[in-house]
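As structure tokens, the structure follows; a few thoughts come after it.
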Amino acid sequence: MTTKKESVVRKQKITVSVIGGSSIGSKVEKIAEDVGKLIAELGCILVCGGLGGAMEAAAKGAKKAGGLTIGILPGKDKDDANPYIDIALPTSIGYARNTIVACSADIVIALPGSHGTNSEICYALVYGRPVIDLGGWGMSGMISVDNLEEVEIKLKKLVKKISEHKN
């Protein structure tokens, strides 16, 4: 017999949180956009902090590929979201929203960033989420990759594993 919780989980799409700096250079911007595109192409939903920098670039890539994006905003106004966010979720809790960004994900992809990104990585690891390290963080428990091709390989394996577990 299937429990209600199991049947609901199977119907949900896989969510991938992209975390990274709000102030980035053109190299990281391109990588973030490519990561967002990959997430959408795999049929996953992109979750991010909903603002600028890596968050905006990833959401832009996902939208270009026809994907769905969710922004977990630190403030109280949906209008704060970048233009590529489909579902803006204001929290009014500031950086504490980083726990939501991390915990709402089935998989996390970490790009270069600062303290906020570091906190999201830590929360994701505490919550047992797989974290793909594309930002050179080198923290224990992360899945280290060197380039987008390796991200694609690891992400596809994780998506397949999660999909099989849900079915």
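What the table shows:
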read-out	value
Test for SER119: is it among the hydroxyl-bearing types (Ser, Thr, Tyr), over 18 Å from ILE45 (Cβ atoms) and in contact (Cβ under 8 Å) with a residue 12 or more places away in the chain	yes
Residue within the stretch 126-137 that is part of a helix (DSSP H, G or I) and either touching a helix residue (DSSP H, G or I) at 6+ places or on another chain (Cβ under 9 Å) or polar (S, T, N, Q) (or both) present	yes
Of the criteria (1) buried (at least 21 other Cβ atoms within 10 Å of the Cβ); (2) more than 17 Å from LEU51 (Cα to Cα); (3) of a type in the set (D, E, K, R), which one ARG97 fails	(2)
The stretch 145-164 - residue that is modelled with pLDDT of 95 or more, among the β-branched types (Val, Ile, Thr) and part of a helix (DSSP H, G or I) and, of those, surrounded by the most Cβ atoms within 10 Å (Cβ to Cβ)	VAL151
Residue count for the stretch 126-144, restricted to those that are within 19 Å of GLU29 (Cβ to Cβ) and surrounded by fewer than 20 Cβ atoms within 10 Å (Cβ to Cβ)	2
Test: ASP106 is within 14 Å of the chain's Cα centre (by Cα), of a type in the set (Asp, Glu), modelled with pLDDT of 95 or more and within 14 Å of LEU46 (Cα to Cα)	yes
Considering residues of the stretch 20-32 that are under 20 Å from VAL131 (Cβ atoms) and of a type outside the set (Gly, Ala, Ser) only, the residue farthest from the chain's Cα centre (by Cα)	ILE24
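For every residue, the table says whether it meets (1) out of contact with any helix residue (DSSP H, G or I) (no Cβ under 6 Å at 6 or more places or on another chain); (2) crowded, with 23+ Cβ neighbours inside 10 Å.
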| residue | (1), (2) |
| --- | --- |
| GLU33 | no, no |
| GLY43 | yes, no |
| GLY50 | yes, yes |
| ALA58 | no, yes |
| GLY71 | yes, yes |
| PRO74 | no, no |
| ASP79 | yes, no |
| ASP86 | yes, no |
| LEU89 | yes, no |
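The values are calculated or read from the model by the stated rules, or taken from the named source; none is laboratory data. Please read all numbers here as calculations on a predicted model, not as lab measurements. In this analysis, Cβ positions are derived from the backbone assuming ideal geometry, glycine residues included, and neighbour counts consider all displayed protein chains.
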